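To start, the structure under review is shown below, and the notes come after it.
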Amino acid sequence: LGSENIDTDIITLPRFILESQRMHKNAKGDFSMVLSALQYAFKFISQTIRKSELIHLIGITGDTNSTGDQQKKLDVLGDEIFINAMKTSGIIRVVVSEEQEHLILLEGNEAKYAICCDPIDGSSNLDAGVSVGTIVSIFKILPGSEGDEKDVLRSGTEMCGACYAMYGASTHLMVTMGQGVDGFTLDNNLGEFILTYPNLQIPANRAIYSVNEGNSPYWVESTRSFIESLRTHKVDPVTGAETKAYSARYVGSMVADVHRTFLYGGIFTYPSDKYHPNGKLRLLYEAFPMAMLVEQGGGKAVDDHGVRILDLKPTHIHDKTSIWIGSPNEVDKYLMHIGKL
Ligand code: AHG
Ligand code: MN
Ligand code: MN
Ligand code: MN
């Protein structure tokens, strides 16, 4: 039906949620309430970021957050928008945020879900107009719990869902409920996220590596030698077959680097180093959600020692981890390098 160049049968996120509810991906419909609160937060943050230069929201607050990051005005604003949006769900009881030192209890809500979030990821890039995003992990509140830290200090395998929004040339949304990954793009005129990457799978391999080379003097030996091996042009002494060096791509916003890795393939890493003994990225609201999404898309995510990210368990809500994430064959190359495969 419809003319050949206008798609008149688009799948909006609300329609997708209802259809997945009917397909018993989230039977009771509660998850639909969570996703609807999340997509409202992403639309609001997206719109705020895009007009921030006009309303002088660029710049720093002068404070630092509990993980030692310098706080941007938009970090604080994004955090406020996000927490208020979670309140509207009526069933999200616990919120952990990069920008909040302690866990937040939403008293008036039913104790059904706990959300951990990085409201603005890549905020150091904000003033330069480079893509930033919001990253979210979702846990069901444990039976009998009224909502506290034990609902989130759990193995990543206990997450019931994860998503990220990336505020780039378009606003993208990637979502998993544990049965594959689906990608959406915000249609600003409709004000709806439209399904654009159904059942996304990450390419099995791609000669792209993504790391902050500036930290190389501080890396441990296994990291240095592995990255060095990707950087070199190889000629097989016997066959003479040549293997080109990898391309390097690094945006400096995890969401942008992981989103590119998801679509193009490759490997992204923030390894531990002398100044980041446990890596820099936070487990609950950066590594866990990205690891669940990439695994659901056929990829892999491990720490420096080759331990699966989702098998890790935080002891503190702002715990950090090293991470190697991306195409399965690329992460396997790292695992072989450290003798774990
Ligand atoms: P955030 O802006 O939420 O604090 O996250 C920043 C993180 C992540 O987005 C990115 O991969 C990493 O910091 C970049 O760190 P470097 O600038 O040290 O490379
Ligand atoms: Mn930060
Ligand atoms: Mn971040
Ligand atoms: Mn952040």
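The values are calculated or read from the model by the stated rules, or taken from the named source; none is laboratory data. Because the structure is predicted, anything quoted here is derived from the model rather than measured. Counting neighbours? That spans all protein chains shown, and the Cβs are built from the backbone with ideal geometry, glycine included. Remember, those area values only see protein heavy atoms, side chains included, never the ligands or the DNA or RNA. Shrake-Rupley method; radii C 1.70, N 1.55, O 1.52, S 1.80 Å.
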Exercise. To the nearest 10 degrees, how steep is helix 73-87 against the longest Cα principal axis of the chain, on a 0 to 90 scale?
Worked result: 50 degrees
For this session: Using Cα positions and a limit of under 30 Å, work out the lysines in reach of residue 333, with same-chain residues fewer than 8 apart set aside.
Result: 234, 244, 274, 280, 300, 313, 320
Seminar exercise, completed: In terms of the alpha carbon gyration tensor, root eigenvalues a ≥ b ≥ c, rounded if a/c is under 1.5 and otherwise prolate when a/b exceeds b/c or oblate, segment 155-265 is prolate
Seminar exercise, completed: Karplus ³J(HN,Hα) for segment 272-278 (6.51 cos²θ - 1.76 cosθ + 1.60, θ = phi - 60°; Hz, whole; x = Gly/Pro) runs 5, 8, 4, 9, 10, x, 10
Exercise. Which net charge results for the neighbourhood of residue 204, defined as the other residues with beta-carbon distances under 15 angstrom from its beta-carbon, given Lys and Arg at +1 and Asp and Glu at -1?
Worked result: 0
Exercise. Once you list every other residue whose beta carbon is under 14 Å from the beta carbon of residue 236, what net charge do they have if Lys and Arg are +1 and Asp and Glu are -1?
Worked result: +1
For this session: Largest first and in whole Å, give the semi-axes of segment 196-236's equivalent ellipsoid, each being the square root of 5 times a Cα gyration tensor eigenvalue.
Result: 27, 16, 8
Seminar exercise, completed: Checking 69, 303, 151 against a Gaussian network model of the chain (alpha-carbon springs below 10 Å), the top fluctuating residue turns out to be 69
Exercise. Per-residue ellipticity at 222 nm for the chain, helices alone: DSSP H runs ≥ 4 residues times -39500 (n - 2.57), over residue total, nearest 500 deg cm²/dmol?
Worked result: -8000 deg cm²/dmol
Problem set entry | Debye log10 I(q)/I(0) for segment 96-220, one point scatterer per Cα, at q = 0.09, 0.13 Å⁻¹ | -0.37, -0.76
Problem set entry | Net +/- balance of residues flanking residue 133 in space, Cβ distance below 11 Å, scoring K and R +1, D and E -1 | -4
Seminar exercise, completed: To the nearest 10 degrees, the tilt of helix 221-231 (Cα long axis) against the first principal axis of the alpha carbons of the chain is 80 degrees
Seminar exercise, completed: In segment 244-341, the chymotrypsin sites (Phe, Trp or Tyr not before Pro) that sit in a DSSP loop and have at most 10 other Cβ atoms within 10 Å of their own Cβ are 275
Seminar exercise, completed: One quarter of the C-alpha convex hull surface, i.e. the mean projected area of segment 194-341 in nm², amounts to 10.0 nm²
For this session: Return a whole-number percent for the relative contact order of the chain, with Cα pairs under 8 Å and 6 or more residues apart as the contact set.
Result: 15 percent
Exercise. Please report, for the Cα atoms of segment 238-295, the Rg to one decimal and the Dmax as a whole number; what are they, in angstrom?
Worked result: 14.8, 47
For this session: Keeping every protein chain in place, order 341, 18, 106, 195 by accessible area at 1.4 Å, biggest value first, i.e. largest first.
Result: 341, 18, 195, 106
For this session: Calculate, in whole percent, how much of the Cα-Cα pair population of the chain lies beyond 33 Å.
Result: 26 percent
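Compute the whole-percent fraction of alpha carbon pairs in segment 266-341 spaced more than 20 Å apart.
Working: 654 of 2850 pairs.
For segment 266-341, the fraction of Cα-Cα distances above 20 Å is 23 percent.
Please report the carbon-and-sulfur percent of the accessible area for the chain; probe 1.4 Å, protein heavy atoms only, DNA, RNA and ligands left out.
Values: 7760 of 14890 Å².
Answer for the chain: carbon and sulfur cover 52 percent of the accessible area.
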Exercise. Direction-averaged shadow area of the convex hull around the Cα atoms of segment 1-155, nm²?
Worked result: 12.2 nm²
